[in-house]
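The values are calculated or read from the model by the stated rules, or taken from the named source; none is laboratory data. Worth saying up front: this structure is predicted, and the values here are computed from it rather than measured. Here the Cβ positions follow ideal geometry from the backbone for every residue, glycine too, while neighbour counts run over all protein chains shown.
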Amino acid sequence: MSVLSRTWYRGSLTTGLIVAGTFGFAALPAEAAVTADIPGIDNGQSSQIPFEQMRARIAEIEGDIQSFENRISTSESSITEPELPGQDTAAEIPSPGSAQDTGTAGLNPSQGTGIPAVDQFLSAATQTQTQPQTQVQGTATGVGTVQGVIATALSKVGEGEAADGTTVYGKWYEKYTGQQGQGFASAPWCDMFLAWVAVQHGLQDQMGIFAYTPSHAAWFEKNNRFSRTPHPGDIVFFDWGGSKSISAIDHVGMVTAVNADGTVTTVEGNTSDKVMTRKRSMGTIVGFGHPAYAG
């Protein structure tokens, strides 16, 4: 019985006894009097019972109630909550990872797909002995040279996504890195296009094999080949928000020319869903990666 219930019960009983005593216990039947340990009386005897005797009996009953409450409180305080097995160490359930919205930055293989980190792609790709056959036909003229690489990229201008949103470059990337069915076929493909160009010239180690543009830029920076000074053949990284932060990079292309007005001309995959050429100002450029071309 809770403290509130006991208090209500005690007050109700006391009040009832007083009221009953005042009116000569007329409303208290004999069987109820037995339960309360009060001698049963009838209406004819009510006036013969002194009021002080009734008050003494009420005080006695209240004392019994108090004693009963004390015993209940002692019993409740001695009861302990049983400890369930394993209750002392709650299992920590990891939150399910949410897919990152990469926009035009490309698929981040290190998050939410069970795919190895992007730095492992380059290693896996360079260890491949034979390049898988794909629908993309290479045009690797001037192998390893700046102009040869630019020519290969420009030869694909106008090509783009299929009606279902997939690209031959995304499908090629899955096969080349041994990660079929991991979502690259329909992922933003600007960096995968440049990976394909690199492989046509055997420049995997110089240009990098990546699908996620911030990781590609960080790779150049780690190798001390990243700056804000453009050269033809450089890999150019963009943040449409105008920051100069590698982590905020949205898009990537290749510099085909450095212009006198301070802009650069580029060739870019995944631009209006195609390979396109563009003229870009420095305002949206985070920096340039500088591959070590042969000439």
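Things worth noting here:
- Test for Val168: is it crowded, with 17+ Cβ neighbours inside 10 Å, over 19 Å from Asp273 (Cβ atoms) and modelled with pLDDT of 95 or more: no
- Residue list for region 215-268, restricted to those being out of contact with any Cys (no Cβ under 7 Å at 6 or more places or on another chain) and among the acidic types (Asp, Glu): Glu221, Asp234, Asp239, Asp250, Asp261
- Of the residues making up region 168-185, those that are in contact (Cβ under 8 Å) with a residue 40 or more places away in the chain and in a loop (DSSP other than H, G, I, E, B) are Thr177, Gly178, Gln179, Gln182, Gly183.
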